[in-house]
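Participant: One structure, as structure tokens, below. Some questions next.
The values are calculated or read from the model by the stated rules, or taken from the named source; none is laboratory data. Quantities reported herein were computed from a predicted structural model and do not represent experimental measurements. Note that each Cβ is placed from the backbone with ideal geometry, even for glycine, and that neighbours are counted across all protein chains shown. Side chains included, ligands, DNA and RNA excluded: accessible areas come from the protein's heavy atoms. Shrake-Rupley method; radii C 1.70, N 1.55, O 1.52, S 1.80 Å.
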Amino acid sequence: MLAITALGTLGFAQKTLVFGSNGEPVSLEPGNITDGISIYAQRQIYDTLVDFKAGSTEPVAGLATSWFASADGKTWTMRLRQGVKFHDGTDLDAAAVAFNVNRWWDPKDPTRINQGANYEIWGELFGGFKGDKGSFLQSITVVDKYTLRFTFASPIPYFPVAIGSGYFGIASPAAIKAQGAKYGTAAGGAVGTGPFKFKEWRAGDRLILEKNTNFWKKGAPKVDQVVMRFIKDPAARLAELKAGSIDFTTDIPPANLKDVQGDRNLEAVFRPSFNVGYLALNPAYKPLSDVRVRQAIAMAINKKEIVKAFWGDLGTTNGHFTPASMKSFWSSKVTDYEYNPQKAKQMLAEAGYPNGFDLELWYMPVSRPYFPTPKEIAEAMSADLSAIGIRVKLQTKDWATYLEDRKKAPGFQAYMLGWTGDYGDPSNFFDPHFASPISDLFDATGKPLDIKELNNLLVKGSSTSNPAERVKIYQQVDEMTYNLALRIPIVHSQPLLAKRKSISGWVPSPLGSESFEDIVKASPSADR
């Protein structure tokens, strides 16, 4: 009896994949999130219209099997995969996709969740919402049961990869209608077409997902269950990985690389670098309304030493907001802010602050690929700023509230955040952070910041089909954002991940999250 019980337990363990998540999702409702933690969870439940080749930003077929643009670039037609069903047994078709897109795009859509939901990511990536002057999308048409047509105000060459980003998983219309405001929460669940089905969300603890036995990709997923445990502290995640209570995890501090490599049961895994970690400076706070003050702060922070101390060889720093994979869009006039505390102090005096000023600096409560140890990094920046007379008070709050409150006027004075690209186009880095209205930076009146010259360039870049012309436009954007010093790039990191040796088939995406559908878990003896 004991032997049979042990074997049964062993079999269950092999079929359950335990992931150490660095935080808890904000929501499981597609299109109503902006954070990578939520995307990671949603990647397991939903499919997107366009997918990406494992380990790259190359688009491949997802729920859409093909797509093409009209001659003028203003219309995209997508043909859907046939025979796919949602987890609730309803059919995926063009009407279901149109239902999802309309919810994201149309503020008046009656199925939208009304409790604080704003679907901001759609507006950031597609120029606004239905009825807005700047909205790229003009209409969505169901051509036939498995064909959709998207019509835009101007050419949008990157539409397929943008709609394929992890925010835009396709959810069951029937489930959304049934659950209403509860959809995407622990009480309402989530229903997609992806490799795993929602089973349970234990707030503050874990998300439990079960194998979708009707998944349209044959032979996947490879495990029966996924448990995503919420473990904010990176040291705790590493300790649990060593103990074998989790199978794999992300965002391990670079300082722990040798620790991982020295454990015979573990393997270090590296995500391709495709991100930026930045310090945002809010002009709503009077001292920061002066560009000289913002540039002085950029000069006062010893970015090279901070990156060396916290990332070692797994991070680089420069003045560009986009990563090195987009080097062709970099301006030759941008290198990096000079580290010069004396000059920075002089600039503060010229701006009217010879004795410095008080500053609240907010740091994230969770580790992210760009800031694996945010509090310690914030302390290092605080020390540098104190050297020029800026008296820093460090602040934080829980992750969901942090993300939300930074967008409530007048916003945080200064705060840390970052971005992992959703697709391989510079618009994806610049538009969410600098297109008007800028949702988390404000002017003196409390209105979201509107930098017209910069916004006009971004609109032009998004709607220009000529590759050479787009390069010139984004080089101008690169230079302008550098000089404005509203978001100071601190690091472009190569995130460190880790797994037990019993885990295979995990191919991290440069886009920051990936499906677990191909991951295999061998017997525990494979660790040794």
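Participant: Filter segment 16-51 for residues that are open to solvent by 20 Å² or more (accessible area, probe 1.4 Å) and either among the polar types (S, T, N, Q) or over 15 Å from residue 186 (Cα atoms) (or both); which is farthest from the chain's Cα centre (by Cα)?
Facilitator: Filtering segment 16-51 for residues that are open to solvent by 20 Å² or more (accessible area, probe 1.4 Å) and either among the polar types (S, T, N, Q) or over 15 Å from residue 186 (Cα atoms) (or both), the one farthest from the chain's Cα centre (by Cα) comes out as 18.
Participant: Something else now. Of all residues in segment 327-367 being over 26 Å from residue 479 (Cβ atoms) and touching a Ser or Thr at 6+ places or on another chain (Cβ under 8 Å), which is modelled with the lowest pLDDT?
Facilitator: 367
Participant: If the Cβ limit is 7 Å and pairs must be 6+ apart or interchain, which residue in segment 283-306 that is at negative phi pairs with which residue that is among the polar types (S, T, N, Q) and open to solvent by 20 Å² or more (accessible area, probe 1.4 Å)?
Facilitator: 283/289; 285/413; 288/413; 299/340; 303/317; 304/317
Participant: I would also like to ask the following. Please count how many residues of segment 141-160 are aliphatic (A, V, I, L, M), outside any loop (DSSP other than H, G, I, E, B) and surrounded by fewer than 20 Cβ atoms within 10 Å (Cβ to Cβ).
Facilitator: So the count comes out to 2.
Participant: Within segment 67-77, is there a residue that is within 22 Å of residue 427 (Cα to Cα), assigned to a helix (DSSP H, G or I) and in contact with a strand residue (DSSP E or B) (Cβ under 6 Å, 6 or more places away or on another chain)?
Facilitator: Taking every residue of segment 67-77 in turn, none turns out to be within 22 Å of residue 427 (Cα to Cα), assigned to a helix (DSSP H, G or I) and in contact with a strand residue (DSSP E or B) (Cβ under 6 Å, 6 or more places away or on another chain).
Participant: State all residues of segment 72-128 that are over 26 Å from the mean Cα position of the chain (by Cα) and closer than 17 Å to residue 184 by Cα; if no residue qualifies, say none.
Facilitator: 88, 110
Participant: Here's a follow-up. I'm checking my understanding of the structure. Among residues of segment 189-245 that are of a type in the set (A, V, I, L, M) and without any contact (Cβ under 8 Å) to a residue 40 or more places away in the chain, which one is surrounded by the most Cβ atoms within 10 Å (Cβ to Cβ)?
Facilitator: Filtering segment 189-245 for residues that are of a type in the set (A, V, I, L, M) and without any contact (Cβ under 8 Å) to a residue 40 or more places away in the chain, the one surrounded by the most Cβ atoms within 10 Å (Cβ to Cβ) comes out as 208.
Participant: So which residues in segment 293-315 are surrounded by fewer than 17 Cβ atoms within 10 Å (Cβ to Cβ) and of a type outside the set (A, V, I, L, M)? It would help to see each step written out before you state the result.
Facilitator: From segment 293-315, those surrounded by fewer than 17 Cβ atoms within 10 Å (Cβ to Cβ) are 304-305, 308-309, 312-313; that's our starting set.
Hits for segment 293-315 are 304, 305, 308, 312, 313.
Participant: Filter segment 396-420 for residues that are small (Gly, Ala, Ser) and either open to solvent by 40 Å² or more (accessible area, probe 1.4 Å) or touching a Cys at 6+ places or on another chain (Cβ under 6 Å) (or both); which is farthest from residue 287 (Cα to Cα)?
Facilitator: 400
Participant: Out of all the residues in segment 6-28, is one or more aliphatic (A, V, I, L, M), under 20 Å from residue 523 (Cβ atoms), modelled with pLDDT of 95 or more and not in a loop (DSSP other than H, G, I, E, B)? Full working, then the answer.
Facilitator: Step one: filter segment 6-28 for residues aliphatic (A, V, I, L, M), giving 6-7, 10, 13, 17-18, 26, 28.
So of that shortlist, the ones also under 20 Å from residue 523 (Cβ atoms) come out as 6-7, 10, 13, 17-18.
Now narrow it down to the ones that are modelled with pLDDT of 95 or more: 17-18.
With not in a loop (DSSP other than H, G, I, E, B) added as a condition, the list becomes 17-18.
Yes, that holds for at least one residue.
Participant: OK, next. In segment 200-315, which helices (runs of 4 or more DSSP H) lie fully inside it and hold 3 or more residues that are among the hydrophobic types (A, V, I, L, M, F, W, C) and touching a Pro at 6+ places or on another chain (Cβ under 9 Å)?
Facilitator: 291-300
Participant: Looking at (1) hydroxyl-bearing (Ser, Thr, Tyr); (2) within 27 Å of residue 426 (Cβ to Cβ); (3) crowded, with 23+ Cβ neighbours inside 10 Å, which is the only condition residue 183 fails?
Facilitator: (2)
Participant: Counting only residues that are over 27 Å from residue 69 (Cα atoms) and open to solvent by less than 10 Å² (accessible area, probe 1.4 Å), how many does segment 464-480 have? Even if it seems obvious, please write down each step before you answer.
Facilitator: Taking segment 464-480 and keeping what is over 27 Å from residue 69 (Cα atoms), we get 476, 478-480.
After this cut, where a residue has to be open to solvent by less than 10 Å² (accessible area, probe 1.4 Å) as well, the list is 478.
Selection size over segment 464-480: 1.
Participant: For residues that are within 25 Å of residue 286 (Cβ to Cβ), open to solvent by less than 10 Å² (accessible area, probe 1.4 Å) and not in a loop (DSSP other than H, G, I, E, B), tally how many sit in segment 348-395.
Facilitator: 6
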